1. Given the conditions (1) within 27 Å of the chain's Cα centre (by Cα); (2) over 17 Å from A365 (Cβ atoms); (3) crowded, with 16+ Cβ neighbours inside 10 Å, and given that V211 satisfies all but one, which numbered condition is not satisfied?
2. Does any residue of the range 444-453 turn out to be among the polar types (S, T, N, Q) and either farther than 13 Å from R482 by Cα or within 25 Å of the chain's Cα centre (by Cα) (or both)?
3. Would you mind listing the helices (runs of 4 or more DSSP H) fully within the range 199-306 where at least 2 residues are aliphatic (A, V, I, L, M) and under 30 Å from E179 (Cβ atoms)?
4. Step by step: first the residues of the range 122-160, then only those that are basic (K, R) and at pLDDT 90 or above, then the one that is nearest to A80 (Cα to Cα). Which residue is that?
5. Pull up the range 150-165, narrow it to residues that are surrounded by fewer than 17 Cβ atoms within 10 Å (Cβ to Cβ) and either touching a Ser or Thr at 6+ places or on another chain (Cβ under 6 Å) or touching a residue at least 60 places away in the same chain (Cβ under 8 Å) (or both), then point me to the one that is nearest to F188 (Cα to Cα).
6. Would you check if G428 is over 25 Å from the mean Cα position of the chain (by Cα) and modelled with pLDDT under 95?
7. Can you work out which of the residues in the range 413-423 that are among the hydrophobic types (A, V, I, L, M, F, W, C) and buried (at least 16 other Cβ atoms within 10 Å of the Cβ) is nearest to the chain's Cα centre (by Cα)?
8. Criterion first (in the same structural domain as G102 (by TED's automatic domain parsing), among the basic types (K, R) and within 30 Å of R83 (Cα to Cα)) does R190 satisfy it?
Amino acid sequence: MTACAWTPLLPAALIGTSRHEAAWPSWPGEVGALLAQIAPETPGDWPVALLRGAALLDAAGRAGTRGQTWSSTTPHAAPAETRTQIPPGPIHHLLQWAFRDGPQRLLHLVCLTLNESGHVLPAGLLPLALEQGRRSVGLRPSLHPVLGERGWWLARQRDTWAFAAAVSEQAPQEAGWTEGNLEQRLAFLRHERLQQPDAARERLEAALTEVPAKERAELLMVLHTELSAADQDLLDRLRSDRSKEVRQVALKLLLRLPEAAHPKRAVARLQPLLTQERALLKKHWVITAPSSMSDDWTTDNIETARPSHENLGERAWWLFQLARQVPLRWWGEHTGMSPEQLLSWAQTSEWAPSLYRAWHDVLLAAPDPQWCEAFLNNWPDSVREDSASVLALLPLAQRERHWEGQWRKGQIGLASLVYQVTQACPAGETLCTPLSHTLAQAFVQLATENKLRDDYSLRGLLPELACALHESTLAMLLQLPRHGDETTSFSENLHTMMQVIAVRQSLPPISHRMRSP
């Protein structure tokens, strides 16, 4: 049936059946004969007849719809599944909800748990899961293993799902590099980098001239694995790549190689600006910003012109750029000060914002546990990012000790703590039992006092929190007291949280849960 089949019913639908005086229309064929059987006998029958006719025409139209003709060769059947499939039951409906409406953090946790327990996603869920993977690049590494043979086969049948095609638990094949998409090339290169670092670097170097800038940057980041002095020549050349993104990746990797030529040049430029002066009987370090910029600085990606949105002055901008190319280790070796002492020392300088921001940037590029602790214990106001960016660099146990200490001392509120947990913990990671219990108990207390309803920031974090808590404490959240004056949005937050918990509790048990993915 086509759209014109509806035309005879439109006048009655538009002006109302009570004002429509025409006779019941007629249609040809078998559909027309069926519609004639529901023709109204009196004017009062018109409303019901109109709705029945519309329903019949819709069903007939759907039944008569024809898709595009399949012109390609019929694909071979999917290989037999090698991993355990989840047996039918309520978990299928819960997983359907999770991949349709659940938080991304939950999807990571589902995929990681299924993978650890040796299961794959139900076959009926694969199209929805592949769509989630198409929209979320970050989900793909967790999703790939639980697609199974059928999921990998299905991904090859549609171009938009090609990111998951031919992914398997076996070592990536050479065809994945020569013929595959970006995900397949990355998988191949990562595997080769672990097995043969030099061969992987040579393969990457040969391919860099053939791929667009975004792919060059992503492929280059693979060198982070097994990074060594043998990589510095390639990285040094890529400092002058035509893509700013590629240049930035190369510079960040060079910061992890303090003995490379580029960090040494950066130190040589900065060192004359850092001098010792005597005050009474003691010497102290003094830093000054450069008063001019040398011509050769631009070859090392130091920008002369200060961006219009930058709140640093011109000299402070130059100092910031110089300092963020110097490895953190050098500061301690050259001055004899610890990271905590350096942060305190910088506070006395007029150039403190430049130093703090530079050190923070270097820390994110080349993490150092001592510097992380120093920043977290005395967070500089001039660093615009939240401390979660540095917390994320630490192992989970250190993050938890930091949060528990701040909570005991009253240095952090519940909203800030939960926000930091959701930002600093990768999706799929869960907290230890004691900290989870502390957070769950705090929410129960707020709900008991009916203070959670009006705290929009906290109640909005409930679904995310339910993904991050240890599974042993989830039952506490199910006991949150309810009140008769709940708003619709608050009820929706609670419903989503309970759905998240139901999904987590339905997942297959595993013998050893990795708290960090």
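The values are calculated or read from the model by the stated rules, or taken from the named source; none is laboratory data. All figures in this text were calculated on a predicted structure; none of them were measured in a lab. Please note: Cβ atoms are built from the backbone with ideal geometry, for glycine as well, and neighbour counts cover all protein chains shown.
1. That leaves (3) as the condition not met.
2. No, because not a single residue in the range 444-453 is among the polar types (S, T, N, Q) and either farther than 13 Å from R482 by Cα or within 25 Å of the chain's Cα centre (by Cα) (or both).
3. 213-220, 232-238, 244-254
4. That would be R150.
5. R156
6. No, not satisfied.
7. V421
8. no
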